[in-house]
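The values are calculated or read from the model by the stated rules, or taken from the named source; none is laboratory data. Keep in mind that this is a model prediction, so the values were computed, not measured. All Cβ positions, glycine included, derive from the backbone under ideal geometry; neighbour counts span all protein chains shown. Ligands, DNA and RNA are excluded from the accessible area calculation, which covers all protein heavy atoms including side chains. Shrake-Rupley method; radii C 1.70, N 1.55, O 1.52, S 1.80 Å.
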Amino acid sequence: LMRFYAQIDGIIQVKGDTVQVNPVLQISGDVNYETGNLDLPRDVQISGDVLAGFTVVAGGNIAIGGIVENGAVVRAGGDVVAARGIVGEETRVIAQGNVEAKFIQNSSVLARGDVVVGSYIFNATVRAGGEVVVQAGGGQRGGSIVGGEVIATVGVTARRIGSADTGSTIVGLGASLSLMARQQKLQEALGAAAQRLRRLVVLLGIDEADATMAAAVAR
C-alpha cells in the first residue's frame, strides 16, 4: 500500500502518472459585498451563490454550491460547476475546461470542453468546444433545450428540443472554438487592412472607380 502526504491543503488532481494538490480558496457563503469580486490564480470553492453583479475569476476550477445569479460573471482557467444552476440574461460563464450546472436559463455559457446540464437549457446561448449533454432530471422540463441557441463541436444530446409555446430554438454543430477565434482575428485583420488601404487611396488621390476596386480587393 502506497501513501502520499500533502504539505498543503487543497484539491487532489491526478493527471496520468502525476498526483498533485492544488491550493484552493474556500468561501463559506455567498460572493457578495462582504467578499467583493474574486480574482485568483487558484481553485475556488464557494458554498453559496454568486450574487447579481459580482465577478469570480480563477486560474483553476470554480465550484459553486449555489446558483449563479443574473448579472454575475464567472470565468475559470479550468472547470466551472454550478450545483444549483445558472440564470439571468446578463449572466456570463466562461470556462477553459468543462461547465456543469443543474440548469441554464437566459444566460450565456462558453466552454472549451463539454457543457453538462442536469435538467434543462432555456432561452440561453451555449457554446461548447466539446459536446452539450442535457440530462433528463428536474421534472417536466428535464432533458429539454427550449429557445436560444446551442452550438457544440462534437455533438448535442437532449430528450426534447424546441417547444410550440416559445420562439425559435437553434441547435447545431459548429467549428471548434479555437478555429472560430482564429477566424475572428483574421476578419479583424482584414478590416484593419481595408481601412488602411482606403486612407492610402484618399492620400494618393486615386479616383472613385479605382478606390472601389481597391476596397473590393482588400475585402
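Computed from Cα positions, the angle between helix 177-204 and the longest principal axis of the chain comes to roughly 30 degrees. Size of the chain: Rg and Dmax of its alpha carbons, in Å, are 22.3, 83. Distance from the alpha carbon centroid of the range 61-78 to that of the range 94-151 works out to 14 angstrom. Here the range 85-151 is treated with +1 on each Lys and Arg Cβ and -1 on each Asp and Glu Cβ, and its dipole about the Cα centre works out to around 60 debye.
Given Cβ point charges of +1 (Lys, Arg) and -1 (Asp, Glu) and nothing else, what value in debye, to the nearest 20, does the dipole of the chain about its Cα centre take? Before the final figure, lay out each step's value.
Working: 18 positive and 20 negative charges, 96 e Å.
The dipole magnitude comes to about 460 debye.
Annotation note: GluC sites (Glu not before Pro) in the range 25-127 located in DSSP loop regions with a Cβ neighbour count of at most 13 within 10 Å are GLU34, GLU89.
A run of the chain free of exposed loop cleavage sites, with chymotrypsin sites (Phe, Trp or Tyr not before Pro) counted only in DSSP states other than H, G, I, E and B and at most 15 other beta carbons within 10 Å, reaches its longest extent at 34-219. Other residues lying with their Cβ under 13 Å from the Cβ of GLY65 contribute a combined charge of -1, Lys and Arg counting +1, Asp and Glu -1.
May I ask you to derive the relative contact order of the range 98-140, considering only C-alpha pairs under 8 Å and at least 6 residues apart, and to give it as an integer percent? The partial results should precede the final answer.
Details: 99 pairs, mean separation 16.6, N = 43.
In percent, rounded to a whole number, it is 39.
Against the main long axis of the alpha-carbon atoms of the chain, helix 208-218 sits at an angle near 30°. Remark: relative contact order (the chain) = 8 percent; criterion is Cα-Cα distance under 8 angstrom and separation of 6 or more residues. For the range 1-142, with all protein chains in place and a probe radius of 1.4 Å, 46% of the accessible heavy-atom surface sits on carbon or sulfur.
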